[in-house]
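K.L.:
Once you've had a glance at the structure underneath, I'll fire off some questions.
The values are calculated or read from the model by the stated rules, or taken from the named source; none is laboratory data. Just so we're clear, the structure is a prediction, and the values are computed from it rather than from any experiment. For neighbour counting, all protein chains shown are included, and Cβ atoms are generated from backbone atoms with ideal geometry for every residue, glycine included.
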Amino acid sequence: MPTGCFAVLIRSIGLFPIKCVYITTGGHCQGRPVVGLNDLCYNITNRYNNIDITKCAMARAVSIRHLILGLLTQQPMSGYDIKGFLKSLSWLIDSPSFGSIYPALRALREDDLVTMMEVVPRQGKPPRKIYTITETGRQILREWLDQPVAPDASLKTFVMRLIMTSNFTHTELISHLQQRRSQVAVHHTTLRQIAEAVDGTMDSGQRLTFDYGLTLATAELAWLERKLEQLSQQPLPAEVVKGDGVTMTI
């Protein structure tokens with residue numbers, strides 16, 4: 001198997017960050033490098049006409065703007081608070097820098113999606129600005145959450161949407177977990193089949209990598225099954241639609 005296929009397989013599961021991925025088109029591994037996953041759609045779509053632009057748009061669906069809106073639905077936060085929260089999950093989602101958070105907050109405020117609720121003075125330090133989401137911001141977030149997620153969405157995409165599941169209805173949360181379960185199950189089966197097929201030709205590093213991937217996929221499947229079972233046993237909450245079209249769980 002060409003190494004390009006292997007690279008796509010590993011990256012699609014989101015097991016660990018890599019600096020280079022390869023595109024698979026028309027069932028063949030082309031071996032074209034992409035610098036970083038975020039460059040995939042803009043760089044590759046512009047170069048090669050046979051890449052599905054719609055699929056790329058879904059793959060890039062999670063943005064810092066939507067993530068900030070999702071966090072602000074939970075409670076008012078400052079840019080520092082947002083950065084601290086995301087930093088705690090940086091090993092899963094690659095914590096964004098202050099250089100991306102503050103411009104995003106400024107743009108959201110200019111678009112009337114968030115407001116600056118208060119300014120907290122601090123001795124010897126710049127004042128801390130506290131932001132809250134507006135009703136328009138909630139509607140924009142709802143519209144984004146209603147968009148389909150690419151079937152091959154990365155682990156980062158899954159986790160970033162998982163952070164915002166307080167904005168999901170009970171049914172939407174189950175659907176989100178079920179989609180991830182189906183995705184991981186496919187990757188688990190594919191990894192196992194490839195590992196069995198090439199076991200005699202793999203070196204120790206490749207064998208360790210496949211074992212690592214299978215172990216992570218098995219653990220994630222077990223977690224997903226457990227959470228889905230718990231959700232299925234919970235009483236179905238009432239879901240109402242407000243006049244602005246926003247679905248609320250009560």
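K.L.:
What are the residue pairs meeting all of these: first residue in the stretch 165-185, first residue closer than 11 Å to L228 by Cβ and touching a residue at least 24 places away in the same chain (Cβ under 8 Å), second residue polar (S, T, N, Q) and part of a helix (DSSP H, G or I), Cβ atoms under 8 Å, and 6 or more apart or on different chains?
P.N.:
L173/T165; I174/S232; H176/T165
K.L.:
Being surrounded by 12 or more Cβ atoms within 10 Å (Cβ to Cβ), assigned to a loop (DSSP other than H, G, I, E, B) and at pLDDT below 85, is that true of even one residue in the stretch 27-49?
P.N.:
yes
K.L.:
Next question, about the same structure. Return yes or no: is Q123 at pLDDT 85 or above and surrounded by fewer than 15 Cβ atoms within 10 Å (Cβ to Cβ)?
P.N.:
So Q123 does not fit the description; no.
K.L.:
Give P151, P127 a once-over and let me know the one that is more than 15 Å from L71 (Cβ to Cβ) and within 15 Å of the chain's Cα centre (by Cα).
P.N.:
Checking each option against the conditions leaves just P151.
K.L.:
Has the stretch 90-99 got at least one residue that is of a type outside the set (S, T, Y), farther than 18 Å from M160 by Cα and surrounded by 15 or more Cβ atoms within 10 Å (Cβ to Cβ)?
P.N.:
Checked the stretch 90-99: no residue is of a type outside the set (S, T, Y), farther than 18 Å from M160 by Cα and surrounded by 15 or more Cβ atoms within 10 Å (Cβ to Cβ).
K.L.:
Oh, and also: Please name all residue pairs, on different chains or six or more residues apart, with Cβ atoms under 9 Å, provided the first residue is in the stretch 212-227 and is assigned by TED's automatic domain parsing to the domain that holds R192 and the second residue is not in a helix (DSSP H, G or I).
P.N.:
Close Cβ pairs (under 9 Å, with a partner that is not in a helix (DSSP H, G or I)) amount to Y212/L15; Y212/F16; G213/L15; L216/L15; A217/L15.
K.L.:
Can you give me the ranges of the helices (runs of 4 or more DSSP H) entirely in the stretch 62-130 with at least 1 residues that are of a type outside the set (A, V, I, L, M), in contact (Cβ under 8 Å) with a residue 12 or more places away in the chain and on the phi < 0 side of the Ramachandran plot?
P.N.:
Helices (runs of 4 or more DSSP H) meeting the threshold: 64-72, 79-88, 98-110.
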